[in-house]
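K.L.:
Below you'll find the structure I mean.
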Amino acid sequence: MKYAIFNNEDVSSRVVAKNLALEMRKHGLTVDNEEPDIVVSVGGDGTLLGAFQHYVNQIDHVRFVGLHTGHLGFYTDWLSTELDQLVDSLSHDNGQKVSYPLLELTVIQTTGEKSHYLALNEAVIKQPLGTLVADIYLGGEVFERFRGDGIAVATPTGSTAYNKANGGAVLHPALQAIQMSEIASINNRVFRTLGSPLIVPRDQEIVMRPQSNNFLVMYDQGEIASDHILELRFRVSEKCVHFARYRHVDFWRRVQNAFINDIE
């Protein structure tokens, strides 16, 4: 079993990562940042998104563990004060895991060239200036012409992020689905959209055909140049992200911890 440590550049995270590497070596664990079996992310949820994208080409066999240098997050089960317990769990790893759905984004250029991306959280299409105009297709048919600031398409685990701020539902990751929410859509007597978030199952696609090229395409922490984009396609990926399940916190407990105080 080989282990990688992926940390952000925060001073506290670098210190924790260094101490974690020392403890792992003391216990005879092999640190291999090139081709690991388990990736330990040290930082916050943003750091884990970075770790996911860094190892995205190896996700079929890589499992992730999140160690938070602040408070527990949606993807982080361990605190920096628990290095001994974490290293002990790594030492007794038996392959246990929990898997979550991913978003697959396909970008089709006007030349016909296709590029594929995976997102753990979401993909966001935004118009920084003016109004984004785009046709939305569902089931292979035109569903609506969107006008507004943009759209967000989220995985179930990403449904608690931008999607929730847009009024979207929080989806349990056991549901193999993606969710599209509108960002400040224009709805009046002339222009209409559904105005509600849409939840699409894994055997269907959301297709977006923008009417201009002055927009931003972002996925997790990445950005795609919007020049000459003909079409964007969103679907539930055939691939999943895997987390090492030592004491993996229940999803609803994560939601409660993040948004709701303890009930007295």
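The values are calculated or read from the model by the stated rules, or taken from the named source; none is laboratory data. From a predicted model like this one, the values you see are computed outputs, not experimental measurements. Cβ atoms come from the backbone with ideal geometry, glycine included; neighbour counts cover every protein chain shown.
K.L.:
Condition test on L86, is it touching a residue at least 12 places away in the same chain (Cβ under 8 Å), assigned by TED's automatic domain parsing to the domain that holds V31, within 22 Å of P36 (Cβ to Cβ) and touching a Phe, Trp or Tyr at 6+ places or on another chain (Cβ under 7 Å)?
P.N.:
Yes; evaluated as a whole, the condition is true for this residue.
Rundown of residues vs (1) surrounded by 13 or more Cβ atoms within 10 Å (Cβ to Cβ); (2) more than 30 Å from N94 (Cβ to Cβ); (3) in contact with a His (Cβ under 6 Å, 6 or more places away or on another chain); (4) at pLDDT 95 or above, yes/no style:
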site	(1), (2), (3), (4)
A169	yes, yes, no, yes
F191	yes, yes, no, no
I206	yes, yes, no, yes
Q221	yes, yes, no, no
A225	no, yes, no, no
R235	yes, yes, no, yes
N261	no, yes, no, no
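K.L.:
Say we look at the range 142-155 and pick out the residues that are in a strand (DSSP E or B) and of a type in the set (V, I, T); which of these is nearest to I199 (Cα to Cα)?
P.N.:
Going through the qualifying residues, I end up with V153.
K.L.:
Which residues, taken from the range 156-174, are out of contact with any strand residue (DSSP E or B) (no Cβ under 8 Å at 6 or more places or on another chain) and either assigned to a loop (DSSP other than H, G, I, E, B) or among the small types (G, A, S) (or both)?
P.N.:
A165, V170, H172, A174
K.L.:
For the range 187-231, how many residues meet the condition of being in contact (Cβ under 8 Å) with a residue 24 or more places away in the chain, part of a strand (DSSP E or B) and either within 18 Å of V142 (Cα to Cα) or not hydroxyl-bearing (S, T, Y) (or both)?
P.N.:
17
K.L.:
Ok, one more. Condition check: surrounded by fewer than 22 Cβ atoms within 10 Å (Cβ to Cβ) and either touching a residue at least 12 places away in the same chain (Cβ under 8 Å) or in contact with a Phe, Trp or Tyr (Cβ under 8 Å, 6 or more places away or on another chain) (or both). Does L175 satisfy that?
P.N.:
yes
K.L.:
Another question, then. State whether one or more residues within the range 129-149 are of a type outside the set (K, R), surrounded by fewer than 18 Cβ atoms within 10 Å (Cβ to Cβ) and under 24 Å from I59 (Cα atoms).
P.N.:
Within the range 129-149, not a single residue is of a type outside the set (K, R), surrounded by fewer than 18 Cβ atoms within 10 Å (Cβ to Cβ) and under 24 Å from I59 (Cα atoms).
K.L.:
Exactly one of these conditions fails for V87: (1) part of a helix (DSSP H, G or I); (2) at pLDDT below 95. Give me its number.
P.N.:
The one condition V87 does not meet is (2).
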